[in-house]
Amino acid sequence: MTSLPINLPNGFMPRIKTGDNIVVGQVIASKNLEDSQVINIPQALNIKITRAKKVLIKAPGEEISKGDVIAIKSNLFGTKKTILKSNVEGTIIRYERNSGNLVVKTGRINSEEDIVSPIDGIIGMCDNDKILINTDRNFLSGSKSVGSETAGEIFFLEVDDMYRIDSGAIGKIIVGHNLNREILLKGIGIGSVGLIGTAINDEDIEHIREKNFTTPIIEIDEESIKRIMTGNVKKIFMDAKTKTVIFLSL
């Protein structure tokens, strides 16, 4: 029996208690979504906060839909433009000059966001910061992640080269080492259902998040990669929200 720790992000409350038997997919924590969403203009367009107000083309009081252009950044000569589109819909209620945040009222007052268990087991410990699941499954815990969840057979990327990713990776989970942005995008584009690596830059994780890709990506340590590659693991489950990789077949 091993224990899988799941750290709860701010605002999440447990929906189970110590001693409960749980199954894969069961809601173990949730939070009420706020009725507003924040879009940080300087971060999204990689500009100084003093310039953020100037690139906005939407103002407080205006309604926006998903896909609407909310800001346009031009280079010094105006020959190249970067467009920022909204990924939410609602009404702009304010722009915060000190932070560069554009706040959009979405009206989703009563909706919830859930964390579900990636594994069968028994709740060994539960508080407002962490849930501990005791299980007899083999699993790995990651350090950073983005995306959703999936299950699939493994495609081993023995050399960190995007050109080694071919049609054999379609529908499979790519497992490699130093997965740079080009490898991540190639994997997503070719139809891989997930990617796992030992060295993934924070900037590349944020880039995938900003593009709203749902393909799960998890960073694990070198020892964990060795467990997968040398343990004759055929199929795995990965949950980016809980940063968990579970061995489904050996």
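The values are calculated or read from the model by the stated rules, or taken from the named source; none is laboratory data. None of the values given here were measured: they were computed from a predicted structure. Neighbour counts are summed over all protein chains in view; Cβ atoms, including those assigned to glycine, are modelled from backbone coordinates with ideal geometry. The accessibility values were calculated without ligands, DNA or RNA, using every heavy atom of the protein model including side chains. Shrake-Rupley method; radii C 1.70, N 1.55, O 1.52, S 1.80 Å.
Does region 66-78 contain at least one residue that is at pLDDT 90 or above, under 27 Å from residue 213 (Cα atoms), in contact with a Leu (Cβ under 8 Å, 6 or more places away or on another chain) and of a type in the set (D, E, K, R)?
Yes, region 66-78 contains at least one residue that is at pLDDT 90 or above, under 27 Å from residue 213 (Cα atoms), in contact with a Leu (Cβ under 8 Å, 6 or more places away or on another chain) and of a type in the set (D, E, K, R).
Could you check, for region 158-178, whether at least one of its residues is under 22 Å from residue 12 (Cβ atoms), of a type outside the set (Ser, Thr, Tyr), crowded, with 21+ Cβ neighbours inside 10 Å and modelled with pLDDT of 95 or more?
Here is the first cut: in region 158-178, the residues under 22 Å from residue 12 (Cβ atoms) are none.
No, the conditions are met nowhere in region 158-178.
Output the residue which, of all residues in region 84-99 that are within 18 Å of residue 209 (Cβ to Cβ) and modelled with pLDDT of 90 or more, is most open to solvent (accessible area, probe 1.4 Å). I'd like the intermediate steps shown before the answer.
To start, the set of residues in region 84-99 that are within 18 Å of residue 209 (Cβ to Cβ) comprises 84-88.
Going one step further and asking which of them are modelled with pLDDT of 90 or more, we end up with 84-86.
Numbers: 84: 26, 85: 125, 86: 6 Å².
Looking at residues that are within 18 Å of residue 209 (Cβ to Cβ) and modelled with pLDDT of 90 or more, I get 85.
Regarding residue 122, is this residue out of contact with any helix residue (DSSP H, G or I) (no Cβ under 8 Å at 6 or more places or on another chain), in a strand (DSSP E or B), modelled with pLDDT of 85 or more and open to solvent by 60 Å² or more (accessible area, probe 1.4 Å)?
Details: out of contact with any helix residue (DSSP H, G or I) (no Cβ under 8 Å at 6 or more places or on another chain): yes; in a strand (DSSP E or B): yes; modelled with pLDDT of 85 or more: yes; open to solvent by 60 Å² or more (accessible area, probe 1.4 Å): yes.
Judged against the criteria, residue 122 is a match.
Of these, 198, 215, which one is under 30 Å from residue 44 (Cα atoms), open to solvent by 20 Å² or more (accessible area, probe 1.4 Å), under 14 Å from the mean Cα position of the chain (by Cα) and of a type in the set (Val, Ile, Thr)?
That would be 215, the only listed residue that is under 30 Å from residue 44 (Cα atoms), open to solvent by 20 Å² or more (accessible area, probe 1.4 Å), under 14 Å from the mean Cα position of the chain (by Cα) and of a type in the set (Val, Ile, Thr).
Any residue in region 135-142 that is within 19 Å of the chain's Cα centre (by Cα) and either farther than 30 Å from residue 2 by Cβ or outside any strand (DSSP E or B) (or both)?
yes
Pairs under 7 Å by beta carbon, first residue over 11 Å from residue 84 (Cβ atoms) and acidic (Asp, Glu) in region 52-74, partner open to solvent by less than 40 Å² (accessible area, probe 1.4 Å) and part of a strand (DSSP E or B), six or more apart or different chains?
62/92
Would you pick out the residues in region 199-238 that are of a type in the set (D, E, K, R) and at pLDDT 90 or above?
Residues satisfying the conditions are 202, 203, 204, 206, 209, 210, 211, 219, 221, 222, 223.
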